[in-house]
Amino acid sequence: MGKRTQWASSVGFLLATAGAAIGLGNLWKFPYLMGENGGFMFLIAYLVFILILGLPVMIAEMAIGRKTQKSPVAAYRKLGGKKAAVIGVMGVLTAGLILSYYSVIGGWILKYIVSYATTFAAPANFNQYTAQVGEPILWHMVFMLVTIVICYIGTRGIEKVSKVMMPALFILLVVLIVRSVTLDNAGKGLAFIFVPGAGGSFSFQSVTAALGQVFYSLSLAMGITLTYGSYLKKDENIPANCAKVAGLDTMAAVMAGVAIFPAVFSFGLEPTEGPALIFETLPKVFSQIFGGSVFALLFFILMFFAAVTSSIALLECVVSFTMDNFHWERKKATVILGIVIALIGIPSSLSFGVMKDIKIVGYNFYQFVGMITDNLLLPLGGLLMCIFIGWVWGPSVLVEEIEQEGVVFKLKKAWIWCIRLVTPVLIAVVSIGGLISVYNVVTGS
Ligand code: TRP
């Protein structure tokens with residue numbers, strides 16, 4: 001076996017990891033979840049969970065990758081036998097499911113790019129557009145095709161692209177924020193984000209949503225952080241790098257919120273619009289900016305890049321699994337799995353139209369997949385991981401891995417406490433609570 005590839009530079013690693021983490025979850029999902037779940041309260045829950053759940057799990061996952069020098073399933077098998085390998089398999093499954101609808105949203109973005117490029121305006125009516133059968137599915141297929149092609153060729157180019165695109169995305173977010181907060185009545189939107197009590201309803205389900213979103217946004221419990229860790233040099237400081245990635249990721253999400261909510265309130269729109277938020281509200285902001293359609297075009301192109309850097313990583317999770325475990329060839333794996341996942345995405349796309357009212361336990365197909373991945377599989381994966389590391393394998397092995405070549409893990413005691421106790425207990429409590437509320441919805445009590 002050849003030597004395992006390593007990241008060329010610390011910055012390259014940081015940008016690649018941040019590139020996989022920053023995606024639709026930050027720019028699209030976080031703002032709308034915040035809108036639906038009481039603004040400020042959701043933000044606080046999210047920040048707390050990033051610190052005591054997200055960061056510790058991320059550090060653990062990255063350390064496992066570097067320690068075992070393997071891809072997820074093999075890594076867990078190496079450290080905990082067949083039973084532990086289930087954690088890896090669950091992650092692969094989650095990645096595939098997420099990608100199936102991620103690509104549907106990616107298709108909407110492509111449609112918006114084409115629309116702005118040709119008519120200098122967004123599609124006339126977002127809800128009408130997504131309710132159609134043919135066109136959204138077509139663009140979903142195009143998005144998946146792009147993902148497949150890049151994954152097929154290899155991802156080296158993407159690293160170069162993200163080095164330009166990620167900073168550009170941040171700069172554009174700043175431009176949007178400036179425009180958004182200078183609109184009339186923008187203060188209400190800022191209050192919604194930063195003042196307690198100004199937002200709408202925050203329920204127990206909101207806590208579950210915040211927890212799921214932390215795992216989702218940081219790309220945890222899916223093996224991608226583990227895989228990236230396996231390419232990391234031994235003298236790199238894992239906790240410090242994780243803190244940077246989590247910081248950038250959170251910053252992107254909060255910035256998206258600050259760009260969107262002042263505008264939502266300024267136009268008298270509802271913050272609780274859900275998935276439509278970024279596709280309906282932002283175009284209204286753009287129409288207020290001089291040369292707005294150019295900004296809009298740029299913004300959706302950058303959105304597209306943020307989405308693609310994540311979607312290829314999601315496909316990579318599944319592809320590398322079949323390569324390592326079933327000895328599939330990369331090309332075959334990419335094409336077959338890409339097509340299968342695209343097909344699974346079709347009912348998600350239809351959930352915004354003809355299949356809207358076809359419910360599985362109270363959710364339509366798109367919502368059901370989201371619920372299964374964010375509220376069930378991701379937290380469960382994180383929980384099992386903590387139990388294995390904290391109690392079966394012992395955290396000291398990973399501390400040893402982290403503290404090499406002069407690296408000092410300052411918060412090691414706090415981290416061990418988190419991994420052994422705080423994190424798993426919190427995940428269990430919130431997840432069980434989430435299950436009970438799902439059960440109540442189903443039984444109608
Ligand atoms: N974090 C990504 C986002 O916010 C989504 C995601 C979840 C992801 N798990 C992943 C991306 C694994 C790449 C790999 O959009």
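What follows is calculated from the coordinates using simple rules that are stated; it is not laboratory data. Just so we're clear, the structure is a prediction, and the values are computed from it rather than from any experiment. No Cβ is skipped: glycine too gets one built from the backbone with ideal geometry, and neighbour counts run over all protein chains shown.
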Seminar exercise, completed: Quick note on M222, M144, ordering by fewest other C-beta atoms within 10 Å, gives M144, M222
Seminar exercise, completed: In degrees, nearest 10, the alpha-carbon axis of helix 10-21 is tilted away from the dominant principal axis of the alpha carbons of the chain by 60
Exercise. Based on the Cβ-Cβ distance from V407 to I339, what FRET efficiency comes out when R0 is 41 Å, to the nearest 0.05?
Worked result: 0.40
Exercise. Out of A333, A414, A246, any idea which swings most in a Gaussian network model of the chain, alpha carbons joined below 10 Å?
Worked result: A414
Problem set entry | Cross-link partners of K412 among lysines (Cα-Cα below 21 Å; sequence separation of 8 or more within a chain) | K67, K233, K234, K244
For this session: Let me know the Rg and Dmax you get for the chain when you use only its Cα atoms, in Å.
Result: 21.0, 63
For this session: Evaluate the relative contact order of the chain (contact order divided by residue number), counting alpha-carbon pairs under 8 angstrom at least 6 apart; express in whole percent.
Result: 33
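Normalised by the residues of the range 301-445, what does the relative contact order come to in percent, with Cα pairs under 8 Å and at least six apart? List each step's numbers first, then the result.
Values: 73 pairs, mean separation 25.6, N = 145.
Relative contact order here is 18 percent.
Between exposed GluC sites (Glu not before Pro) in the chain, where DSSP calls loop and at most 11 other Cβ atoms lie within 10 Å, what's the longest gap? Intermediate values should be presented prior to the final figure.
Working: sites that count: E329, E405.
In the chain, the maximal stretch lacking such sites is 1-328.
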Exercise. Simple spin-label model, 7 Å along Cα-to-Cβ: W417 to K82 in nm?
Worked result: 3.9
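Thinking of the range 24-133 as a set of Cα atoms, what percent of all their pairs are more than 18 Å apart?
Numbers: 4152 of 5995 pairs.
When every Cα pair of the range 24-133 is considered, 69 percent fall beyond 18 Å.
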Seminar exercise, completed: The size of the Cβ-based charge dipole (Lys, Arg +1; Asp, Glu -1) of the chain about the Cα centre, to the nearest 20 debye, is 1060
Exercise. Looking at W417, G96, F42, which one has the Cα that reaches farthest to the positive end of the dipole of the range 10-443 (charges on Cβ: Lys, Arg +1; Asp, Glu -1)?
Worked result: W417
For this session: Show that you can apply the helix-only estimate: for the chain, add -39,500 (n - 2.57) for every DSSP H stretch of four or more residues, divide by all residues, and state [θ] at 222 nm to the nearest 500.
Result: -24000 deg cm²/dmol
Exercise. If we count other beta carbons within 10 Å of each Cβ, what is the order of H140, H327, fewest first?
Worked result: H327, H140
For this session: Over the range 233-343, calculate the relative contact order: mean separation of alpha carbon pairs under 8 Å at least 6 apart, over the residue count, as a percent.
Result: 12
Exercise. Of the peptides 349-360, 291-302, how do they stack up when ordered by the mean number of other Cβ atoms within 10 Å, highest first?
Worked result: 291-302, 349-360
Exercise. Classify the range 334-401: rounded, prolate or oblate, from the alpha-carbon gyration tensor (a ≥ b ≥ c, eigenvalue square roots; a/c under 1.5 rounded; otherwise prolate if a/b is larger than b/c)?
Worked result: oblate
